[in-house]
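Inspection log for the structure reproduced underneath, given as structure tokens.
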Amino acid sequence: MANDGAERNRERGARGTGSLIVPEEALAIVPVRNVVLFPGMILPLTIGREQPILAAQQAAKTDRPVGILLQRDAEVEEPGSDDLCLVGTVANILRYVTLPDNTHVIVCQGLQRFRVAEYLPGYPFLVARIGRVDESEATDSEIEARSIQLRERALEVLRFLPQVSQELVSAVSNIAQAGALADLVASVAEIKIAERQQVLETLDLKRRLDLVLDCLRRRLEVLRLSREIDERTKASIDQHQREYLLREQLKSIQKELGEGDAGNSSEIASLRKAIGEAQMPDEVATQANKEVKRLERMADGSAEYSMIRAYLDWLIELPWREPEPDRIEIAEARRILEADHFGLDQVKKRIIEFLAVRKLNPGGHGPILCFVGPPGVGKTSLGQSIARALGRKFVRASLGGCHDEAEIRGHRRTYIGALPGTIIQSIRKAGSRGCVMMLDEIDKLGSGIQGDPSAALLEVLDPEQNNSFRDNYLALPYDLSRMLFITTANVLDNIPGPLRDRMEIIHLPGYTQEEKREIARRYLLGRQIAQNGLRPGQIEFSDAALTAIIRDYTREAGVRSLERQIGALCRRAAVNIAEGVANAMRVEESDLAAILGPSKYDNEVALRTGEAGVATGLAWTPVGGDILFIEASRTSGDGKLILTGQLGEVMKESAQAALTLVKTRAASLGLGAGSFDKIDVHVHVPAGAIPKDGPSAGLAIFIALASLFVERPVCNDIAMTGEISLRGLVLPVGGIKDKVLAALRAGIARVMLPARNRRDLDEVPAEAKERLDFVFVDHVDDAVRHAMPQ
């Protein structure tokens with residue numbers, strides 16, 4: 001008969017759950033995970049598996065209660081009778097809701113406990129014959145005492161919890177039955193699911209009350225300790241660190257329980273090992289281990305933890321080991337310098353001397369080299385060549401625009417985001433305490449309210465002091481004595497005297513036209529061919545084309561602009577080859593105008609000196625020498641001297657001295673006494689947007705004024721420089737080498753120099769001395785004879 005009933009239920013199940021018949025003594029079972037429903041409680045349950053959905057639908061349609069049973073293992077997807085607990089709760093389905101995402105929710109009200117007697121086969125869902133368990137109404141003094149204690153503990157727990165509803169407090173306070181109170185407290189208290197199921201299965205009221213009391217006691221201890229930890233933690237955490245509150249609480253709980261953080265311990269161990277392997281000096285190692293001990297006592301989420309960890313990382317990653325000895329071969333060093341640079345013979349000679357001394361005396365304190373010269377002459381690449389010759393690593397630190405002392409010495413660790421200074425950062429980047437460090441653009445250092453970085457460099461660049469350089473971030477001595485410092489600058493005047501005194505100045509002159517052409521052949525062409533995707537042989541330059549580029553399209557001491565022009569021609573060749581117009585390209589002088597445009601620089605000397613009152617001077621600029629045109633004119637007036645062209649105070653004084661000297665030399669110049677009456681003199685220096693200053697234009701201004709008054713033009717192939725005195729003496733000036741090279745670039749044939757500057761010709765390249773005629777004068781009368789011959 002049972003088998004016949006089971007077969008009929010299977011047939012009805014195939015037609016739908018509404019036709020199934022569940023015996024009165026049995027219930028449709030809804031298995032749930034991680035949820036325990038107690039009698040008297042109302043709870044929404046989410047069901048998603050097929051069997052629980054069918055069971056709930058059948059119960060809802062037949063207006064029958066269901067049995068809510070907890071799964072022993074929540075991971076089981078299709079639980080059988082052995083996977084469910086034996087004691088559950090009979091519940092009415094108050095509401096059945098199907099959500100848009102096909103999730104099924106039933107709102108259940110627990111009625112009473114039940115125990116599973118047996119599971120009935122033949123249903124598409126679990127059905128069990130049950131035995132209902134009636135709640136005992138008996139009471140005695142022990143039950144009443146336990147009930148009072150449970151209520152008090154429950155209310156105490158609720159006071160610890162934030163945002164507890166007043167309805168829950170009222171329910172705990174007013175519920176009369178001891179069993180119902182135990183069930184209510186077990187359902188709302190934060191206890192484990194297994195403990196709730198144990199409460200549900202405990203039918204003896206005294207034992208159930210004791211079980212819930214024990215759970216509350218343990219929960220109350222945790223809450224009390226949590227509040228104590230919370231108060232203790234808040235006292236040590238400021239307003240900006242509240243986000244780390246939970247981590248601090250976890251740390252304090254582990255400390256109370258005597259448990260350590262295994263991950264943190266392994267990290268501390270790795271730090272100690274790294275410190276031991278870094279070969280730090282004793283003072284540094286002691287400080288590092290001290291910081292590790294502080295780190296060990298901190299929570300890894302605190303701000304100070306990350307600050308100390310960053311500090312230790314810097315200490316560990318800095319190179320503390322003694323550097324390897326230099327492998328200096330003078331012949332190889334000379335070969336490297338010749339391969340990397342063309343010309344610069346005097347500079348190469350001094351570098352070879354420096355390397356030879358370093359080879360013979362490795363432990364000695366050599367000089368700090370400072371390469372001074374216009375842009376593009378190879379200052380930075382010389383430093384790289386020295387590093388190659390020494391077999392050392394090379395690192396470059398740009399000081400241009402640096403105006404804060406902390407950029408050299410670093411910030412103190414108390415500041416947020418503090419870092420070591422440029423020196424320590426560069427050493428870490430190089431990974432060697434014996435690297436070659438180039439401090440580029442040292443003349444571009446600034447100063448401000450944050451301090452003077454040039455003052456911080458005094459210690460760095462002093463071989464007698466830098467063996468204990470102290471960076472503000474590290475706050476520990478660091479030995480820089482094994483490092484080789486090289487500095488570069490365009491102008492010496494901007495470098496403070498004490499800092500300049502610590503360096504050996506090596507001047508790098510500008511290149512001559514022939515040197516630029518050879519540099520283009522050896523270095524620039526190959527580099528631009530590779531950068532523009534060409535292959536050797538796809539573009540060629542004639543010597544005439546290179547000379548024309550240097551002469552007509554560039555006017556510089558270095559070769560950067562020349563390389564840009566060569567790059568423009570290579571790009572045109574790349575376009576022609578990519579379009580299939582040609583397989584190769586040869587650049588001639590006649591092709592330059594079509595590709596680079598008209599000439600950018602003309603030979604203005606003949607045009608500007610073809611009339612009286614115009615003289616060609618020579619000037620020095622931070623980017624090399626240049627020619628300077630002095631124009632003088634006279635008009636009717638009352639004897640004023642007008643000066644234009646944005647001249648500085650020294651140059652204005654030179655013009656006034658030159659006019660006074662012309663007046664005092666009027667007789668020797670063949671001028672009458674009334675030549676200066678009722679005449680205003682106007683002296684103008686073109687390129688008025690560029691400030692000009694210095695005394696070296698005095699001779700050129702005097703010649704221009706003399707030419708104006710004697711009405712005889714100055715020779716158009718001569719340029720001059722020199723300071724004048726009221727006695728007519730021509731005094732020496734500086735920058736002779738750069739000025740001579742500027743005259744050579746501008747097409748000048750003769751250069752007039754003060755006689756006392758004759759010794760400076762030793763620094764002038766041989767090519768310039770061969771192509772130029774030099775006229776040395778002691779007095780302005782000699783200058784007039786050479787500049788304005790009869």
Show the residue pairs meeting these rules: Cβ distance below 7 Å; 6+ apart or different chains; first residue within region 209-226 and within 12 Å of V185 (Cβ to Cβ); second residue among the hydroxyl-bearing types (S, T, Y) and not in a helix (DSSP H, G or I). L211/T202
Quick one: P789 ticks every box in (1) over 30 Å from T547 (Cα atoms); (2) in a helix (DSSP H, G or I); (3) touching a residue at least 12 places away in the same chain (Cβ under 8 Å) except a single one, so which number is it? (2)
Return the only residue of A544, A578, A582 being in contact (Cβ under 8 Å) with a residue 24 or more places away in the chain, open to solvent by 20 Å² or more (accessible area, probe 1.4 Å) and out of contact with any Ser or Thr (no Cβ under 8 Å at 6 or more places or on another chain). A544
Exactly one condition in (1) open to solvent by 30 Å² or more (accessible area, probe 1.4 Å); (2) part of a helix (DSSP H, G or I); (3) closer than 20 Å to P121 by Cβ is false for K61; which is it? (3)
Could you list, ordered by first residue, the pairs with Cβ atoms under 6 Å in which the first is in region 300-328 and closer than 16 Å to A285 by Cα and the second is assigned to a loop (DSSP other than H, G, I, E, B) and polar (S, T, N, Q), at least 6 apart or interchain? P319/S432; W320/Q279; R321/Q279
Among the listed residues G364, G400, G383, which satisfies the condition of being of a type outside the set (S, T, N, Q) and free of Cβ contacts under 8 Å to residues at least 40 places away in the same chain? G364
Residue among A667, A657, A632 that is more than 29 Å from R745 (Cβ to Cβ) and open to solvent by less than 70 Å² (accessible area, probe 1.4 Å): A657
Matching residues in region 484-515 - criterion: being aliphatic (A, V, I, L, M), in a loop (DSSP other than H, G, I, E, B) and open to solvent by 10 Å² or more (accessible area, probe 1.4 Å): V491, L492
Verdict on V751 being in a strand (DSSP E or B) and either closer than 20 Å to A619 by Cβ or of a type outside the set (S, T, Y) (or both): yes
Go through region 455-483 and count every residue that is outside any loop (DSSP other than H, G, I, E, B) and open to solvent by 50 Å² or more (accessible area, probe 1.4 Å). 4
Could you pull out the residue among G526, G537 that is assigned to a loop (DSSP other than H, G, I, E, B) and small (G, A, S)? G537
I'm trying to understand the selection: among the residues of region 728-739, which are modelled with pLDDT of 90 or more and either among the basic types (K, R) or not in a strand (DSSP E or B) (or both)? G728, P732, V733
If I filter region 273-284 down to residues being in contact with a helix residue (DSSP H, G or I) (Cβ under 6 Å, 6 or more places away or on another chain) and in a helix (DSSP H, G or I), which single residue comes out as most open to solvent (accessible area, probe 1.4 Å)? A274
Considering only region 300-318, how many residues are open to solvent by 20 Å² or more (accessible area, probe 1.4 Å) and either at pLDDT 85 or above or in contact with a strand residue (DSSP E or B) (Cβ under 9 Å, 6 or more places away or on another chain) (or both)? 7
Pick from L474, L484: which is within 23 Å of the chain's Cα centre (by Cα) and not aromatic (F, W, Y)? L474
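Results for (1) of a type outside the set (D, E); (2) surrounded by 19 or more Cβ atoms within 10 Å (Cβ to Cβ); (3) within 21 Å of M280 (Cβ to Cβ), shown as yes or no for each residue.
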site: A397; (1), (2), (3): yes, yes, no
site: C402; (1), (2), (3): yes, yes, no
site: A406; (1), (2), (3): yes, yes, no
site: G417; (1), (2), (3): yes, no, no
site: G421; (1), (2), (3): yes, yes, yes
site: R433; (1), (2), (3): yes, no, yes
Pull up region 516-541, narrow it to residues that are open to solvent by less than 40 Å² (accessible area, probe 1.4 Å) and more than 15 Å from I577 (Cβ to Cβ), then point me to the one that is farthest from the chain's Cα centre (by Cα). F541
Taking the residues in region 200-239 that are among the small types (G, A, S) and open to solvent by 70 Å² or more (accessible area, probe 1.4 Å) as candidates, determine which candidate is modelled with the lowest pLDDT. S236
Would you call A178 more than 24 Å from R33 (Cα to Cα) and either modelled with pLDDT under 80 or open to solvent by 40 Å² or more (accessible area, probe 1.4 Å) (or both)? no
Looking only at region 744-766, how many residues end up being within 16 Å of P374 (Cα to Cα) and aliphatic (A, V, I, L, M)? 1
Considering only region 78-102, state which residues are assigned to a loop (DSSP other than H, G, I, E, B), touching a strand residue (DSSP E or B) at 6+ places or on another chain (Cβ under 7 Å) and within 18 Å of T46 (Cβ to Cβ). P79, L99
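Listed here are the residues, each with its yes/no results for (1) touching a strand residue (DSSP E or B) at 6+ places or on another chain (Cβ under 6 Å); (2) at pLDDT below 85.
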residue: I442; (1), (2): yes, no
residue: G451; (1), (2): no, yes
residue: D462; (1), (2): no, yes
residue: R470; (1), (2): yes, no
residue: L476; (1), (2): no, no
residue: A489; (1), (2): yes, no
Take S136 and decide whether it is open to solvent by less than 50 Å² (accessible area, probe 1.4 Å), more than 60 Å from the chain's Cα centre (by Cα) and modelled with pLDDT under 85. no
Can you name the residue in region 692-727 that is over 16 Å from L643 (Cβ atoms), part of a loop (DSSP other than H, G, I, E, B) and among the small types (G, A, S) and is also least open to solvent (accessible area, probe 1.4 Å) among such residues? G722
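The values are calculated or read from the model by the stated rules, or taken from the named source; none is laboratory data. The structure presented is a predicted model; accordingly, all values stated were derived computationally and were not measured. Cβ: placed from backbone, ideal geometry, glycine included. Neighbour counts: every protein chain shown. These accessible areas exclude ligands, DNA and RNA; they are computed on the full protein's heavy atoms, side chains included. Shrake-Rupley method; radii C 1.70, N 1.55, O 1.52, S 1.80 Å.
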